[in-house]
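Colleague: One structure follows; several queries about it will come next.
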Amino acid sequence: MLAELINPYYLQVGCFILINIILGISVYITLSTGQLSLANAGFMGIGAYTSALLTIHFELPIIIGIIIGALVAALCGVLIGIPTLRLQGVYLAIVTLGFGEVIRVIFVNWESVTNGSVGISGIPHIGREILKTLQGFGFQPISIGLQNNQFIFLSIFILLLLITIFVIWFFRRQHQSRVGRAFAAIKLDEKAAESMGINITYYKVLAFAQGALVAGFAGAMYAHILAYISPADFAYHRAVEILIFVVFGGSEVIWGPIFGAFFLTLMPEVLRFISEYRYMIYGLIIIIMMAVRPQGLIDVPLLKALSKKGRKRGQKHGTGNHKSM
Amino acid sequence: MVLEITKVCKNFGGLSALTDVTFSINEGEIFGLIGPNGAGKTTMFNLITSMFTPTSGQITFKDEDITTMKSHNITEKGICRTFQNIRLFPEMSALENVMVGQHSRTRSGVLKSVFRTASQKKEEAKIKDIAEELLDFVGLSTFSDVTSENLAYGQQRRLEIARALASEPKVLLLDEPAAGMNETETSDLFDLIKKIQQKGITVLIIEHDMPLVMKLCDRIAVLNFGKKIAEGTPFEIQNHPEVIEAYLGKEEEDQYA
Amino acid sequence: MLIEQLINGLTLGSIYAIVALGFTLVFGVLGIINMAHGEIFMFGAFIGVMITSTLNAPLWVAFLGAIIITAIMGYLLERFALRPLRHKQGVSHLAPLISTIGVSILLENLSHHLFGAGNHPFRTSFAEISFQIGSITVYLVQIVIFVISIVLMLVLTFWLGKTRAGKALRATAENLETASLLGVDTKKTILMTVIIASAMGGIAGILVGMAFNSVTPQMGLSMGLKGLAIIILGGMGSVRGAMFGGLILGLAETFIVVYGDSGYRDAIAFLAIIIILLIRPQGLFGQKIST
């Protein structure tokens, strides 16, 4: 009975939702200092290619590949962030957009390493590796009533779910701290933040690098779940797609990108007929949201209203003195 | 001598906002910086806090040259300011605004914050305690949860002072703290600044409210068209012919403008 | 050989300059990066293809058609994606940028549906006509493009410097509030700026179609990115910066194709801006819009 419910297709959609949530959070982190990064698709690509190449050519364990992939992406974030973050916000947006394009051009042209626009296939698959490892200990999925295939997707899904929860937990805690207050202060008024003793360049680069790290991490996971990547996966469309999770869901609280990624990943799967017009609808959503509700669907007042309702029902909700930004 | 301004000039494009301004402030005093609008008073604040760098001249704080130091380092050294046009963090509560003020006196980084180590928890508790204390000090303890943009004007001014005090300054720069205040509020402000002085904090104040300045300040410097035209005790300033001509004669105009 | 490449570079560069002028006008007046400019440019190119290939009409009709359609698109852009954000309390300065990204993705995919994803050739009756001057071959198309670009730049410079509307535009760019106090109808000026910038994008679209004999929905993005790179290179909001920045990029790209690796042509623009940001963040030519 359980076995029938575990449908690889549903699980795969679930995995994409989780990866998109992580990507949405990566943009949200950078935005929480008031900086818009359009390079996160590029960072995702760096994470994906780094991990894929390391695991294929040097036979490193996937986990090592993913960690290195994320770190390389973060390093690129620091390198690109330091010169641009001292300047006006629009420069960052343009430079990050251009950076994403440069990354794509490199993926396409550095054929000896990246295999050009064809992409890389045969990337070690996390689910299969988990299964292989467990089989080494004498475990068989059939013993818990699952097909191998089901087990593979289930294991990835659970792994991703745990990681996503960890990421949310991490950034929620960071938000409710000295670091989070510094981020929020910079977003609200850079000059005032600086005169309160906040090193704004440091925190902006930190937020930008954290965004790059998380995006690189999501990219590396993506590579080891699809087992195939190509430059087109990390182009402008991806950058806009990640952006829209935040624009639609909300950029002021972490639940915004989570909801945005969840809803917008699920919608085309449920409503098949619109999937062809997906990007046109995205474009319209962005224009309408900016005009009508620029902070996104989920914002602080909405959360407050919801948590009041929740408390009436007798639920105890986290009541930190920091309102989310 | 806690703060020394030596021959400071500042040009914007071809226009000079400040020319050869020199004055120094003694520890523990309340020093007034006055002058007509556009005389360069706020520019002076911006130079002291390194929001701009002077074209020439030197600024020293406790015998240390801070002329080209970064803004946030200057706050860490012990100079903090308020703004003429109130720059609170609008969406944060009053308490949070003051908590941000303690940034340079606290240390917890990302990992300590996320894993909430014992030292981080202690620090957070301390930050909160100090912030509540300071809100109480400026008379805003009942508003600690109110979003700062929802506070009344006079309250916002006092909150800004509390936020600046949270950085534990040796020198506090106040940019027109009485602007827009009524008489009772101004008199409360007078008491507050005196209380700040009693804490051992040196105060440098820009203010247009002459009765307040004369009552409050130990010494005063007067700027006009970017030049210092007088310096001395309130009594000396009030009787200084050039000041009367440049500034006090204009006072009525200013007040009813 | 060198001179031929120089001509190629100048042709390409003059088109880049026209694209960059569209960005710079809008940035100068509104302080906004119009991310949809590249896509409007691409629509101009497609209108040109439709008119010359499908309708078999002459080139000047194509120019006229492209100008009209892109001007209308400029109007719609300003009316629906920019104006609603203006004077709105608490809207971040990123809002118009994001809004125009929305327009760009909408237009790009709309063109996929309207024109198909593939390559469209851009035929002109004089595509193959060339001159032989000594050992140098010059195509008529190149001359036409270059002349049109230069004329356009001269007209724009004259218009900004000498006409009433142009002066109003510069006043608005200098300071919106002051301009409005001086009696400039800033609302109209802003709308006019976006429309003119878009129409210039449309013209540039046809020029590119002629130069490369190929039009695709993706060309908007790559040209848009280059336009952005140029205005950072030349200085945001600077008219002269856009012109020279365009020529510099055109020449640099042409020579990298000849003497280096052609695949990295599209990356030069961004290497240039990173270097510029490190050395001279205000760009080669100052800050404000100037002629």
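Colleague: With the requirement that a residue be closer than 13 Å to A:N149 by Cβ and open to solvent by 10 Å² or more (accessible area, probe 1.4 Å), what does region A:115-129 give you?
Modeller: A:H125, A:R128, listed by residue number.
Colleague: Let me ask you something else. Give the residue, chosen from B:E160, B:E133, B:E185, B:E124, that is part of a helix (DSSP H, G or I), at negative phi and crowded, with 23+ Cβ neighbours inside 10 Å.
Modeller: Within the list B:E160, B:E133, B:E185, B:E124, the selection yields B:E160.
Colleague: Still on this structure, I have one more. List the strands (runs of 3 or more DSSP E) that sit entirely inside region B:1-62 and contain at least 1 residues that are open to solvent by 20 Å² or more (accessible area, probe 1.4 Å).
Modeller: Fully inside region B:1-62 and qualifying: B:3-12, B:15-25, B:56-61.
Colleague: If C:F131 meets every condition in (1) touching a residue at least 12 places away in the same chain (Cβ under 8 Å); (2) more than 9 Å from chain A (Cβ to nearest Cβ) apart from one, which number is that one?
Modeller: Just one mismatch for C:F131, condition (1).
Colleague: Still on this model: Go through (1) facing chain C (nearest Cβ under 9 Å); (2) not in a helix (DSSP H, G or I) one by one and return the number of the condition A:L97 breaks.
Modeller: For A:L97, the exception is condition (2).
Colleague: Follow-up. Just the residues that are under 15 Å from A:Y222 (Cα atoms) and open to solvent by 10 Å² or more (accessible area, probe 1.4 Å), please, taken from region A:67-86.
Modeller: A:I67, A:I68
Colleague: Next question. Going by the structure shown, is C:T70 open to solvent by less than 10 Å² (accessible area, probe 1.4 Å), within 14 Å of chain A (Cβ to nearest Cβ) and out of contact with any Leu (no Cβ under 6 Å at 6 or more places or on another chain)?
Modeller: Criteria not met by C:T70.
Colleague: Let me ask something else about it. Considering only residues of region A:103-115 that are without any contact (Cβ under 8 Å) to a residue 12 or more places away in the chain and either of a type in the set (K, R) or assigned to a helix (DSSP H, G or I) (or both), which is farthest from the other protein chains (Cβ to nearest Cβ)?
Modeller: A:S112
Colleague: Something else: Any idea which residue in region A:157-185 is farthest from B:F115 (Cα to Cα), counting only those that are more than 7 Å from chain B (Cβ to nearest Cβ) and in contact with a Gly (Cβ under 6 Å, 6 or more places away or on another chain)?
Modeller: Here the residue is A:F157.
Colleague: Scan region A:226-238 residue by residue and report those that are in a helix (DSSP H, G or I) and open to solvent by less than 10 Å² (accessible area, probe 1.4 Å).
Modeller: Residues satisfying the conditions are A:P231, A:F234.
Colleague: Could you tell me which of the residues C:F63, C:F80 is open to solvent by 70 Å² or more (accessible area, probe 1.4 Å), within 21 Å of C:V194 (Cα to Cα) and either at the interface with chain A (Cβ under 10 Å from one of its Cβ atoms) or assigned to a helix (DSSP H, G or I) (or both)?
Modeller: C:F80
Colleague: I'd like to check something: does region C:17-35 contain any residue that is at pLDDT 90 or above, more than 22 Å from C:A229 (Cβ to Cβ), aliphatic (A, V, I, L, M) and open to solvent by less than 50 Å² (accessible area, probe 1.4 Å)?
Modeller: Looking for residues that are at pLDDT 90 or above, more than 22 Å from C:A229 (Cβ to Cβ), aliphatic (A, V, I, L, M) and open to solvent by less than 50 Å² (accessible area, probe 1.4 Å), one finds none in region C:17-35, hence no.
Colleague: From B:K112, B:K121, B:K126, grab the single residue that is in contact with a helix residue (DSSP H, G or I) (Cβ under 6 Å, 6 or more places away or on another chain), basic (K, R), outside the structural domain of B:N46 (by TED's automatic domain parsing) and more than 22 Å from B:G180 (Cα to Cα).
Modeller: The match here is B:K112.
Colleague: Can you find, within region A:116-145, the residue that is farthest from the other protein chains (Cβ to nearest Cβ) among those that are farther than 16 Å from A:A227 by Cβ and among the aliphatic types (A, V, I, L, M)?
Modeller: Looking at residues that are farther than 16 Å from A:A227 by Cβ and among the aliphatic types (A, V, I, L, M), I get A:I142.
Colleague: What number of residues in region A:275-287 are farther than 12 Å from C:I101 by Cα and either facing chain C (nearest Cβ under 7 Å) or surrounded by fewer than 18 Cβ atoms within 10 Å (Cβ to Cβ) (or both)?
Modeller: 4
Colleague: What do you reckon, is B:T68 among the β-branched types (V, I, T) and more than 19 Å from A:I186 (Cβ to Cβ)?
Modeller: So B:T68 passes the test.
Colleague: Residues C:A242, C:A252: which one is within 13 Å of the chain's Cα centre (by Cα), more than 23 Å from C:E108 (Cα to Cα) and away from every other protein chain (no Cβ under 13 Å)?
Modeller: C:A242 is the lone residue from the list that is within 13 Å of the chain's Cα centre (by Cα), more than 23 Å from C:E108 (Cα to Cα) and away from every other protein chain (no Cβ under 13 Å).
Colleague: Now for a separate question. Quick one: how many residues across region C:220-238 are more than 12 Å from the chain's Cα centre (by Cα) and at negative phi?
Modeller: 5
Colleague: Cβ-Cβ distance below 7 Å, separation of 6 or more or different chains: which pairs start in region B:36-65 with a residue that is farther than 18 Å from A:A193 by Cα and end on one that is part of a helix (DSSP H, G or I)?
Modeller: B:P36/B:A246; B:P36/B:K250; B:P54/B:L47; B:I59/B:L47; B:I59/B:I48; B:F61/B:K77
Colleague: Would you be able to say whether some residue in region A:17-33 is free of Cβ contacts under 8 Å to residues at least 60 places away in the same chain and in a loop (DSSP other than H, G, I, E, B)?
Modeller: No, that holds for no residue.
Colleague: Quick one: B:Q155 ticks every box in (1) within 14 Å of chain A (Cβ to nearest Cβ); (2) open to solvent by 30 Å² or more (accessible area, probe 1.4 Å) except a single one, so which number is it?
Modeller: (1)
Colleague: Hey, among the residues in region C:93-125 that are away from chain A (no Cβ under 14 Å) and over 19 Å from C:A204 (Cβ atoms), which one's farthest from the chain's Cα centre (by Cα)?
Modeller: Here the answer is C:S125.
Colleague: Let me ask another. If you check B:T75 against the conditions, is it in contact (Cβ under 8 Å) with a residue 24 or more places away in the chain and open to solvent by less than 10 Å² (accessible area, probe 1.4 Å)?
Modeller: Here the answer is yes, as B:T75 does meet what is asked.
Colleague: Within the group A:G81, A:G65, which residue is small (G, A, S), touching a residue at least 12 places away in the same chain (Cβ under 8 Å) and away from every other protein chain (no Cβ under 12 Å)?
Modeller: Of A:G81, A:G65, the one residue that is small (G, A, S), touching a residue at least 12 places away in the same chain (Cβ under 8 Å) and away from every other protein chain (no Cβ under 12 Å) is A:G65.
Colleague: If you don't mind, another one. Given the criteria under 23 Å from B:Q102 (Cβ atoms) and touching a Lys or Arg at 6+ places or on another chain (Cβ under 7 Å), does B:F45 qualify?
Modeller: Yes.
Colleague: Sticking with this one: Look at region A:31-63 and say how many of its residues are of a type in the set (F, W, Y) and open to solvent by 30 Å² or more (accessible area, probe 1.4 Å).
Modeller: The qualifying residues number 1.
Colleague: A further question on this structure: Of the conditions (1) buried (at least 24 other Cβ atoms within 10 Å of the Cβ); (2) within 9 Å of chain C (Cβ to nearest Cβ); (3) hydroxyl-bearing (S, T, Y), A:Y91 fails just one. Which one is it?
Modeller: All conditions are met except number (1).
Colleague: So in region B:24-49, with the set limited to residues that are among the small types (G, A, S) and closer than 13 Å to B:I5 by Cβ, which one is modelled with the lowest pLDDT?
Modeller: B:G40
Colleague: Ok, one more. Based on what the data block shows, is A:A192 within 30 Å of B:P169 (Cα to Cα), of a type in the set (G, A, S), surrounded by 21 or more Cβ atoms within 10 Å (Cβ to Cβ) and in contact (Cβ under 8 Å) with a residue 40 or more places away in the chain?
Modeller: Answer is no for this residue.
Colleague: Considering only region C:118-139, how many residues are open to solvent by 60 Å² or more (accessible area, probe 1.4 Å) and not acidic (D, E)?
Modeller: 10
The values are calculated or read from the model by the stated rules, or taken from the named source; none is laboratory data. Predicted model, so just to flag it, every value in this text is computed and none were measured. Methodologically, a virtual Cβ is constructed for each residue, glycine included, from the backbone with ideal geometry; neighbour enumeration extends over all protein chains shown. Surface areas here come from the heavy atoms of the whole protein model, side chains and all, with no ligands, DNA or RNA. Shrake-Rupley method; radii C 1.70, N 1.55, O 1.52, S 1.80 Å.
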